[in-house]
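The values are calculated or read from the model by the stated rules, or taken from the named source; none is laboratory data. Bear in mind that the values here come from a model prediction, so they are computed numbers and not experimental data. Virtual Cβ from ideal backbone geometry, glycine too; neighbours counted across all protein chains shown.
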Amino acid sequence: MLNIDWKPDKKSCISMYRQIVNYIKEKIGNGEWTVGEKLPSQRELAEKFEVNRSTIVEALDELKADGLIEGKSKKGTRIINNTWSLMASMLPGSWEPYIKSGIHKPNLHTIQIINKMEYKDNIIRLGTGELSPELFPKDMMKKVFKTVSNNITSLSYEMAKGSLKLRKVISKYLKKFHINVSPDSILIVSGSLQALQLISMSILKPGSKILVEKPSYIKSLHVFDFSGVSFSGISMDADGIKLNEILKNIDRNTSLLYTIPTFHNPTGILMPQYRRNKLLDLCNKERIPIIEDDAYRELWLDEIPPYPIKAKDENGIVLYMGTTSKSMAAGIRIGWVVAPETVVERLGDVKMQTDYGASSISQYVTAEWIESGFYEIYLKELREKLKIRREIALNVLEKYFFNMASWNVPKGGFYIWLKLKNKIDMKKLFYKCCKNGILINPGYIYDFTKNYNIRISYSYASLYDLELGLKKLSQIIRSLSDSCYC
């Protein structure tokens, strides 16, 4: 039985129920009353506190709303929590000012909704940039994990640059793309996103400007905002970023250029070799370093893409990023940065300050996955399956979207860039799709200006859901088109 040796002060300016609430919170907060203990009945509490039963009901209702107690019929009222809900309610102010003053800006509201809805049941995910669970190489991965588990001797922290074994494996792997670097010029990261975060924290000064393709995946991120870095969008044509527009946008604040030349996200564009050569020449001449994001390289479907820009980088101005997140498994969270040793040392030092290194087990698995030859075998099978998915998606688009949109035919990657012919309200389209169980990535999250595009992914949804989802999407677009007078 809980000990109650206190009574509210009837002469206090604080209401009786409020005094009771504060008393019970104090008892729970200091650990005198613990989780699981049962409170006396309302009648007993009213007698002990010498108040009306209605006052007890009011106090208990507030404690329930705060998540501290729970009342069940015939089982009485028990204490169920004693941590954050109590602390938050007892703070002198609110967390809101702290939340709003943080250096990281919140995601766009649309992206927040996407991130939440991706994990709900019965949602058809038409925009997810990830491989379907159907494509996961379960049997191969079991063998890799078995080998790794048999050979593991410890799971200690790795070096600042990452596992030496994995860096040696990556160094050898990159040779097939004509990138010849030593393990010392490679930093292991937890995917491309972390690489961008490290760059923003390590080698850019406030007020810097980054030239990026328009549209661009990086526009949907806020990894550079807290460091006072801005973006300048450069238009694209069928071959990628326009070089003449780069020249128009260069000024004294221009720090570097970010590009996804191979199966661009979100447009799927593949930059040909001649444009890569000219881009490298231009950046060498203007002394603008390049960040080359090559996340989709291994996902070619028709023919092997041109070598990375980094392959012809003789002056060390290209900072090259690769990852297995798109081609193997997003949950492994392993990527790499190739750069001059001084840059790698700087990035590695900052990485150690933020997370003390990428997951050791993920590094072991990735090294074994590539070195064993399983990766190459798997990629061959994966390309065939993705090619089938792409063709099905294109056929469905031809069937349902032929008179309402145009689109590209990607030569690799995950994405089809759908361009709507009618100027409908894209936010209304997004929310209406959500209500109908369809999750899309509207083009405005990637662009600098208003557009009427949608990034369609053929990599995640099941083949059945892919067709059903695109059909439903066409119907929703048509209904919005019929209701507007644009």
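For segment 349-364, filtered to residues that are surrounded by fewer than 22 Cβ atoms within 10 Å (Cβ to Cβ) and of a type in the set (Gly, Ala, Ser), the residue that is nearest to Ser163 (Cα to Cα) is Ser360. For segment 240-281, the tally of residues that are at pLDDT below 95 and in a loop (DSSP other than H, G, I, E, B) stands at 4. Does segment 297-308 contain at least one residue that is more than 21 Å from the chain's Cα centre (by Cα), over 30 Å from Arg383 (Cβ atoms), outside any loop (DSSP other than H, G, I, E, B) and in the same structural domain as Ser200 (by TED's automatic domain parsing)? Checking segment 297-308: not a single residue is more than 21 Å from the chain's Cα centre (by Cα), over 30 Å from Arg383 (Cβ atoms), outside any loop (DSSP other than H, G, I, E, B) and in the same structural domain as Ser200 (by TED's automatic domain parsing).
Which numbered condition in (1) outside any helix (DSSP H, G or I); (2) over 45 Å from the mean Cα position of the chain (by Cα); (3) of a type outside the set (Lys, Arg) is the only one that Ala46 fails? Among (1) outside any helix (DSSP H, G or I); (2) over 45 Å from the mean Cα position of the chain (by Cα); (3) of a type outside the set (Lys, Arg), the lone unmet condition for Ala46 is (1). Comparison of Arg78, Arg43 shows that the only residue that is in contact (Cβ under 8 Å) with a residue 12 or more places away in the chain and either under 18 Å from Asn3 (Cα atoms) or surrounded by 14 or more Cβ atoms within 10 Å (Cβ to Cβ) (or both) is Arg78. The residue of segment 418-466 that is farthest from the chain's Cα centre (by Cα), among those that are farther than 17 Å from Asp121 by Cα and among the polar types (S, T, N, Q), is Asn422. Taking (1) of a type in the set (D, E, K, R); (2) without any contact (Cβ under 8 Å) to a residue 24 or more places away in the chain; (3) over 24 Å from Glu381 (Cα atoms) in turn, Lys161 satisfies each apart from (2). Set side by side, the residues Ser474, Ser457 differ, and just one is surrounded by fewer than 21 Cβ atoms within 10 Å (Cβ to Cβ), polar (S, T, N, Q) and outside the structural domain of Arg297 (by TED's automatic domain parsing), which is Ser474. Looking for something closer than 30 Å to Glu384 by Cα and aromatic (Phe, Trp, Tyr) - is there at least one such residue anywhere in segment 431-445? No, that holds for no residue. Taken over segment 32-79, the criterion of being within 16 Å of Gln19 (Cα to Cα) and among the hydroxyl-bearing types (Ser, Thr, Tyr) is satisfied by Ser54, Thr55.
For segment 120-228, which fully contained helices (runs of 4 or more DSSP H) count at least 2 residues that are more than 18 Å from Asp355 (Cβ to Cβ), not basic (Lys, Arg) and not assigned by TED's automatic domain parsing to the domain that holds Phe430?
Fully inside segment 120-228 and qualifying: 138-151, 164-174.
Being in contact (Cβ under 8 Å) with a residue 40 or more places away in the chain and either surrounded by fewer than 21 Cβ atoms within 10 Å (Cβ to Cβ) or of a type in the set (Phe, Trp, Tyr) (or both) is the filter here, so list the residues in segment 330-343 that pass it. Ala330, Arg333, Trp336, Pro340, Glu341, Val343, listed by residue number. For segment 178-209, the candidate set comprises residues that are touching a Ser or Thr at 6+ places or on another chain (Cβ under 7 Å) and free of Cβ contacts under 8 Å to residues at least 60 places away in the same chain; within that set, the residue that is surrounded by the fewest Cβ atoms within 10 Å (Cβ to Cβ) is Pro206.
Tally time: how many residues in segment 102-122 are under 18 Å from Phe414 (Cβ atoms) and surrounded by 15 or more Cβ atoms within 10 Å (Cβ to Cβ)?
Residues in segment 102-122 being under 18 Å from Phe414 (Cβ atoms) and surrounded by 15 or more Cβ atoms within 10 Å (Cβ to Cβ): 2 in total.
In this structure, is Ala367 over 18 Å from Tyr464 (Cα atoms), surrounded by 21 or more Cβ atoms within 10 Å (Cβ to Cβ), small (Gly, Ala, Ser) and out of contact with any Gly (no Cβ under 9 Å at 6 or more places or on another chain)? Taking the combined requirement at face value, the residue satisfies it. When you scan segment 220-248, how many residues do you find that are over 26 Å from the mean Cα position of the chain (by Cα) and either aliphatic (A, V, I, L, M) or surrounded by 15 or more Cβ atoms within 10 Å (Cβ to Cβ) (or both)? Selection size over segment 220-248: 7.
Remark: pairs (first residue in segment 128-143, under 15 Å from Ser459 (Cα atoms); second residue assigned to a loop (DSSP other than H, G, I, E, B); Cβ separation under 6 Å; 6+ apart in sequence or on different chains) = Thr128/Tyr460; Gly129/Phe414; Glu130/Tyr460; Leu131/Ser459; Ser132/Tyr460.
Selection of first residues in segment 1-25 that are of a type in the set (Asp, Glu) and of second residues that are surrounded by 13 or more Cβ atoms within 10 Å (Cβ to Cβ), restricted to Cβ pairs under 7 Å at least 6 apart or on distinct chains, gives the following pairs, ordered by first then second residue: Asp9/Gln19.
Of all the numbered requirements in (1) out of contact with any Asp or Glu (no Cβ under 7 Å at 6 or more places or on another chain); (2) surrounded by fewer than 18 Cβ atoms within 10 Å (Cβ to Cβ), Ser462 misses one, and that requirement is (1). For segment 318-357, the set of residues classified as more than 21 Å from the chain's Cα centre (by Cα), part of a loop (DSSP other than H, G, I, E, B) and acidic (Asp, Glu) is empty. Can you find a residue in segment 268-282 that is within 26 Å of the chain's Cα centre (by Cα), hydroxyl-bearing (Ser, Thr, Tyr) and surrounded by fewer than 17 Cβ atoms within 10 Å (Cβ to Cβ)? Within segment 268-282 (the criterion being within 26 Å of the chain's Cα centre (by Cα), hydroxyl-bearing (Ser, Thr, Tyr) and surrounded by fewer than 17 Cβ atoms within 10 Å (Cβ to Cβ)), the answer is no, since none of the residues qualifies. Sub-8 Å Cβ pairs linking a first residue in segment 346-363 that is among the basic types (Lys, Arg) to a second residue that is at pLDDT below 85, at least 6 apart or interchain, are Lys351/Gly357, ordered by first then second residue. Per this entry, Ile234 is counted among residues that are in contact with a helix residue (DSSP H, G or I) (Cβ under 6 Å, 6 or more places away or on another chain), outside any helix (DSSP H, G or I) and under 30 Å from Ser459 (Cβ atoms).
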